[in-house]
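See structure below.
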Amino acid sequence: MRDLSAGPSLLSVNTATVRKQAGLLEIIEACARHGIAAISPWRDQVAAVGLERAARAIKDAGLKLSGYCRGGLFPATGEHVMAARDDNRRAVDEAAALGAPCLILVAGGLPQFARPGSTPSKDLLGARTMIEDGIAELLAHAREARLPLALEPLHPMYAADRAAVNTLAQALDMADRLDPGGRDLGVAVDVYHTWWDPDLYAGIARAGRDHRLLAYHVCDWLVPTKDMLNDRGMMGDGVVDLRRIRRAVEDAGYTGLIEAEIFSDHWWAQPIDHVLATCVERYRSVV
């Protein structure tokens, strides 16, 4: 395993981790001040300051990117199909302009939740077909932009409203069908969404063997979890075996950044410097 004790040279902070405390420019400055190597910004935060200004601020601060959040939400009906397609193409273009190594894809659930206004449905299999068709179409645009796509499986509790791709094996199967033998469509492994999966370690090994392991996200799972979206734990505060999972990821050949992504009402209520300092300390001591 890589030695993380010296400093946060491999740490990235997903900007959602401190989105309630500051805007993107302030987050960039704070991460640089704490010696954090990289960020993964969200599209709405970039839009708030403008793409060119965001790119310049990231470069001037000497920060790298671990990804760009996010594309996806593919299931849709009627006029919303075209809106989803256009929105995802813009996401690819933005990620490429920022110099991101990949665009994170959150697949979307049933169409009325993925793209509000779509016809309500309970057809989960149909939604998964829409997801695969949407990614297949987006891949052509992503290849032109030379930007890999990283499909992120989400915990099954989000299958209806956020992502009907729920296991690493499911995401890898889709990648094999859409990008056989290629490296244009990979996966993002987020411990919050995958730690429970009995096939996780086999999936990590497979992702590494097939060169599809594009991003690695860390946080923790609290017991009890009080909110299924906004009660993620800081690394070390929950029950996830973070060291074992990182060992598996690195044994599979992953040499990229380690991204802390913490959606948490608790941590959003803390000062930004305290949150970032804690991320650095936990990165060094428990990740």
Answer in debye to the nearest 20: the dipole magnitude of the chain about its Cα centre, from +1 Lys/Arg and -1 Asp/Glu charges placed on Cβ, is 400
Go through Leu110, Ala6, Ala207 and say which Cα lies farthest out towards the positive end of the charge dipole of the chain; charges sit on Cβ, +1 for Lys and Arg, -1 for Asp and Glu. Ala6
Which order do the peptides 37-48, 3-14 come out in when sorted by mean C-beta neighbours inside 10 angstrom, highest first? 37-48, 3-14
Under the classification rounded if a/c is under 1.5, otherwise prolate if a/b is larger than b/c and oblate if not, where does the chain fall, given a ≥ b ≥ c as square roots of the Cα gyration tensor eigenvalues? rounded
Write out the trypsin sites (Lys or Arg not before Pro) in region 221-287 meeting two conditions: DSSP loop, and at most 12 other Cβ atoms within 10 Å of their Cβ. Lys226
Compute the relative contact order of the chain as a whole-number percentage, counting only Cα pairs closer than 8 Å that sit 6 or more residues apart in sequence. 21
GNM of the chain, Cα pairs under 10 angstrom: of Leu168, Leu149, Leu229, the biggest fluctuation goes to Leu229
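Every number in this text was worked out from the coordinates using simple rules, so none of it is lab data. Computed from a predicted model, the values in this text were never measured in an experiment. Reconstructed Cβ throughout: ideal geometry from the backbone, glycine too, with neighbour counts over all protein chains shown.
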